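First up is the structure itself, then whatever we jot down about it.
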Protein chains: 2
Amino acid sequence: MAVYTEIDDEELDRLLAQYDIGAAVSCKGIAEGVENSNFLLQTEKGSYILTLYEKRVHEEDLPFFLNLLDHLAAAGFPCPTPIHGRDGRALRRAAGRPAAITSFLTGRSLRRPAPIHCGELGAALAELHIRAGDFAMRRENSLGLASWRPLLDSCAGQADSLKPGLNAFLQEEMDFLEEHWPRDLPSGIIHADMFPDNVFFLRDRLCGVIDFYFACNDFLLYDLAICLNAWCFETDNAFNITKARKLIRHYDRRRRLDDEEIAALPVLARGSAMRFLLTRLYDWLNRIEGALVQPKDPLEYYQRLLFHRNAASARAYGWGD
Amino acid sequence: MAVYTEIDDEELDRLLAQYDIGAAVSCKGIAEGVENSNFLLQTEKGSYILTLYEKRVHEEDLPFFLNLLDHLAAAGFPCPTPIHGRDGRALRRAAGRPAAITSFLTGRSLRRPAPIHCGELGAALAELHIRAGDFAMRRENSLGLASWRPLLDSCAGQADSLKPGLNAFLQEEMDFLEEHWPRDLPSGIIHADMFPDNVFFLRDRLCGVIDFYFACNDFLLYDLAICLNAWCFETDNAFNITKARKLIRHYDRRRRLDDEEIAALPVLARGSAMRFLLTRLYDWLNRIEGALVQPKDPLEYYQRLLFHRNAASARAYGWGD
């Protein structure tokens, strides 16, 4: 449900006149990407995605995101490729917003990924980390460990309205994470939002990764921990160790996990569950009654966090089986 | 902003298995059609629109709409063509909703149509009326004259909250329309919602008409009156007689208006302004605070209605110049 800004036909014509992709023959707002307005644009030359960046994406971060896509696409990673205008620029303005056109990726996101898809995901995540290894720009993780305490504080007074005792639970968890968070692990560019709706498949092969607008520098393992949370729990919140095993094994085949990473897996899984629990809790407590976009249930991640608290080691995720 | 029902990948595969259009390679919810959920579906064979019909469309009307599209497309009218499954049926169920797949039309709707587009529109509207002339099914206009009084009554108590005196104005207008509405004019199938967002152009040529979910039997001239309201007023509600002249002249070239129709144009223009004023007023008074889909301003049509009340004859719309 994500078309916040419309673009009219004259403005679209003016925008396309700056590129070499022909004139628009169709342009439809699509329900993809929660943060921005996206259009499936068909021109005389092919299909593209036009994105108008909305306020939740900081304009000063856009060169990082677009250069990263350029870098990854050039390295053969299946992500959208920014289309550059005749002046060489990929980022410009349209309809009063920062705007970019990228290549269109075929493929479909999966509602219910199977173990085979988790294996594909693990391999692609490792490829992403490897291929972004020589990307020159940096972006701090604005939703990393340091951001969670202030986010929790802003929700603290109301957390118990969602579930009695939730605030005390989260405070204790936060103390644990601050104390046990690793100081040093292999770091680099992470996607940081690799949920099933951001990954495309065709006939069980991963063929596209989209929505890099949370990408940043952090521990590489943190990206894998996010995927554990987002891909390896069933709708009843039961953990699926077969999926986790596939995910981790295929990741490790492409990029070998070191001993510190293996030891840190449970705490990073806790941390990434905490991150989504807190942002969902914040959105839940600050939701607008009657809005069409319903915030996601924060307690899903509470359940997942409970699982990770009981994980004694990476073995709980199928490692070493 | 119109994806209310999602369809998951297995369900989509099951649906497509009933057709001869290949497997889905991409399926994206699009912000088109306020009443239904629409997806731009790309298969191995081409592009299509998948529609899941939501509750505001009555299921028993769907055979009328789909057969009408079949009839018009076969007659060469540029509308979506329903795709029939191997069992011959165009209408089936998916994701718990009635569902149909139609051909994809290229083209772009115009935010600011120019006189040339109004001429194209007039010709296409006449073609639609002519080509639907031998369509065998009927559907009453559920938003025709007889529906306006009950709609007004349901808004009467609150109308003045939008504009003081509005209720008395509308009651008086309703009395006038009931007294002066023509009893007999050339009738047939009308589109009944031919707004700019439902009409596609490419390089100033009309190339597609979509969204037939208000189509019904009524006076043909009423469709032209709707277009006068929807296409020939500027954003400041100033009437653009150049656009109206083009619209009416190009319509009349394809289907000759008779004397009764020419005489009835002002009252039908009043009636069609009343219809959109009343449905918008109803949606406005029953809106949900904070909803993403903002109801349209009813008073736009109040302004247009004032114009039509001052129209002494069809001359006010450029007829006979």
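Here are a few things to note about the model shown:
- The 3J(HN,Hα) values that the Karplus relation (6.51, -1.76, 1.60; θ = phi - 60°) gives for region B:260-267 are, in residue order, 5, 5, 4, 5, 8, 4, x, 6 Hz. Gly and Pro appear as x.
- Computed over region B:139-195, the ratio Rg/Rh where both radii use C-alpha atoms and Rh is Kirkwood: 1.04
- Only Cα sites of chain B enter the Debye sum here, all with the same form factor; the resulting log10 I(q)/I(0) across q = 0.13, 0.14 1/Å is -1.00, -1.15, listed in q order.
- For A:Asn237, no residue whose modelled amide H falls within less than 5 Å of its own remains once neighbours fewer than 5 places apart on the same chain are excluded.
- Global geometry of region B:51-91, whether rounded, prolate or oblate, following the gyration tensor of its Cα atoms and the 1.5 cut on a/c: oblate
- For region A:9-103, the relative contact order works out to 25 percent when only alpha carbon pairs closer than 8 Å and six or more residues apart are counted.
- Net charge contributed by nearby residues that have their C-beta within less than 10 Å of A:Ala126 (K/R +1, D/E -1): +2
- Kirkwood estimate for region A:83-222, i.e. one over the average of 1/r between Cα atoms, Å: 18.3 Å
- Full-stretch length increase - A:Ala136, A:Glu44 - with 0.36 nm per residue and alpha-carbon distance subtracted: 29.6 nm
- Each part gets one Cα centre, and for region B:101-122 versus region A:216-232 those centres are 46 Å apart.
- Over all other residues within a Cβ to Cβ distance under 13 Å of B:Asn141, the charged ones net out to -2, with Lys and Arg as +1 and Asp and Glu as -1.
- Scattering curve values for region A:9-103, log₁₀ I(q)/I(0), Debye with Cα scatterers, q = 0.23 Å⁻¹: -1.37
- Ellipsoid semi-axes in whole angstrom, largest first, where each is sqrt(5λ) of the Cα gyration tensor of the protein assembly as shown: 52, 27, 23
- Placing a label point 7 Å from the Cα of A:Asp236 along the Cα-to-Cβ direction, none of the residues of region A:96-121 has a backbone N under 15 Å of that point.
- Karplus-derived HN-Hα couplings along region B:48-57 (A = 6.51, B = -1.76, C = 1.60, θ = phi - 60°), whole Hz, x at Gly and Pro: 9, 10, 9, 10, 9, 7, 8, 5, 6, 9
- Length-normalised contact order of region B:115-317 in % [C-alpha pairs under 8 Å, at least 6 apart]: 29 percent
- Where Rh is the Kirkwood radius over Cα pairs, Rg/Rh for region A:202-267: 0.97
- Charge dipole of chain A about the Cα centre (unit charges at C-beta), most positive-ward option of A:Phe200, A:Asn38, A:Trp148: A:Phe200
- Computed extension length for B:Leu285-B:Asp20: 90.8 nm, one decimal, from 0.36 nm per residue of separation with the Cα-Cα distance subtracted.
- Filter on A:Lys45/B:Lys246; A:Lys55/A:Lys296; A:Lys296/B:Lys296; A:Lys163/A:Lys296; A:Lys296/B:Lys28; B:Lys28/B:Lys55 - keep pairs with C-alpha separation over 24 Å: A:Lys45/B:Lys246; A:Lys296/B:Lys296
- The relative contact order of region B:85-185, computed from alpha carbon pairs under 8 Å that lie at least 6 residues apart in sequence, is 12 percent.
- For region A:9-103, a simple Cβ point-charge model (Lys and Arg +1, Asp and Glu -1, everything else neutral) yields a dipole of about 40 debye relative to the Cα centre.
- Cβ-placed point charges (K, R +1; D, E -1), dipole of chain B about Cα centre in debye, nearest 20: 840 debye
- Positive dipole terminus of region A:115-317, leading residue within A:Leu125, A:Leu285, A:Ala230 (C-beta point charges): A:Leu125
Laboratory data are not the source of any read-out in this text; all were calculated from the coordinates shown. A quick note: this is a predicted structure, and the numbers were derived from the prediction, not measured. Glycine also receives a Cβ, built like all others from the backbone with ideal geometry; neighbour counts cover every protein chain displayed.
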